[in-house]
Amino acid sequence: MKKVYGSAAEALDGLLFDGMTIAAGGFGLCGIPELLLQAIKEAGTQDLTFASNNAGVDDFGIGILLQTKQVKKMMSSYVGENAEFMRQYLSGELELEFNPQGTLAERMRAGGAGIPGFYTKTGVGTQIAEGKEHKDFDGETYILERGIFADLSIVKAWKADTTGNCIFRKTARNFNPPAAMCGKTCIMEVEEIVEPGELDPDHIHMPGIYVHRLIQGEHEKRIEQCTVREA
């Protein structure tokens, strides 16, 4: 089965459609699938729902899709750092389903494991719990959260072999593994592709069974907030 593709556009071919749900890895600008996001922008796909911790910044990450009004809904934990995200939400142009970060990660992981829902104490007694099923366990109240089953996962790793076994680099692992798991199809972009056997099996963070398509490319790796000391 062919997994390695020549470009982001080639890897996305035949997978995009209006109204789809996409799970995207990354946290802020760390470990985001920047090449695939740019290709989705260029494809012009509309009415997208993104499950992602946040939406990058105004001109990078998912932010570029907010600028072109290709995103209908965000399932996120964090609005900060993106003025257009905030503007569209406050003006009613963009739907937003707020999730505590741990809940969002577990919703993705649950979807990848085939689990339709789970109970958690996080959010009980807050707006997060409104409209959700409540259930008591051992005298404590929990709310039901649904697993996320996305049409497509787009993620970023550091290195992978041609079968999709991959390694994430430091904090760039963040939401990438659960996001990769919960999509019907997963496309991963990496900095380096090697042959099977070149990666130490004990160092692999996610097995290639979750990865359907793979691309290699150059990444800008923009810094969200660059803080340096004076010379």
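The values are calculated or read from the model by the stated rules, or taken from the named source; none is laboratory data. It should be emphasised that the depicted structure is a prediction, and the values quoted were computed from it without experimental measurement. Reconstructed Cβ throughout: ideal geometry from the backbone, glycine too, with neighbour counts over all protein chains shown. We work out accessible area using only protein heavy atoms, side chains counted, and drop any ligands, DNA or RNA first. Shrake-Rupley method; radii C 1.70, N 1.55, O 1.52, S 1.80 Å.
Before moving on, here are some points about what is shown:
- Of all residues in the stretch 12-29 being within 20 Å of G217 (Cα to Cα) and out of contact with any strand residue (DSSP E or B) (no Cβ under 9 Å at 6 or more places or on another chain), the one that is surrounded by the fewest Cβ atoms within 10 Å (Cβ to Cβ): D13
- Picking from residues in the stretch 100-125 that are among the aliphatic types (A, V, I, L, M) and in contact with a Gly (Cβ under 9 Å, 6 or more places away or on another chain), the one that is surrounded by the most Cβ atoms within 10 Å (Cβ to Cβ) is M108.
- Some residue of the stretch 147-164 being on the phi > 0 side of the Ramachandran plot and either outside any strand (DSSP E or B) or of a type in the set (S, T, N, Q) (or both): yes
- Within the stretch 40-83, the residues that satisfy the criterion of being in contact with a strand residue (DSSP E or B) (Cβ under 9 Å, 6 or more places away or on another chain), surrounded by fewer than 18 Cβ atoms within 10 Å (Cβ to Cβ) and within 22 Å of L16 (Cβ to Cβ) are Q46, D47, K72, K73.
This table checks each residue for (1) at pLDDT 95 or above; (2) assigned to a strand (DSSP E or B).
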site	(1), (2)
I143	yes, yes
T185	yes, yes
I209	yes, no
L214	yes, yes
I223	no, no
C226	no, no
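- Number of the condition not met by V79 [criteria: (1) modelled with pLDDT of 95 or more; (2) under 18 Å from the mean Cα position of the chain (by Cα); (3) in a loop (DSSP other than H, G, I, E, B)]: (1)
- Number of positions in the stretch 189-207 that are in contact (Cβ under 8 Å) with a residue 40 or more places away in the chain and either more than 27 Å from A113 (Cβ to Cβ) or part of a strand (DSSP E or B) (or both): 3
- Assessment of the stretch 126-139 against the conditions (within 24 Å of F27 (Cα to Cα), open to solvent by 80 Å² or more (accessible area, probe 1.4 Å) and out of contact with any helix residue (DSSP H, G or I) (no Cβ under 9 Å at 6 or more places or on another chain)) yields at least one matching residue.
- The single condition among (1) surrounded by fewer than 23 Cβ atoms within 10 Å (Cβ to Cβ); (2) within 25 Å of F60 (Cβ to Cβ); (3) of a type outside the set (S, T, Y) that V194 does not meet is (2).
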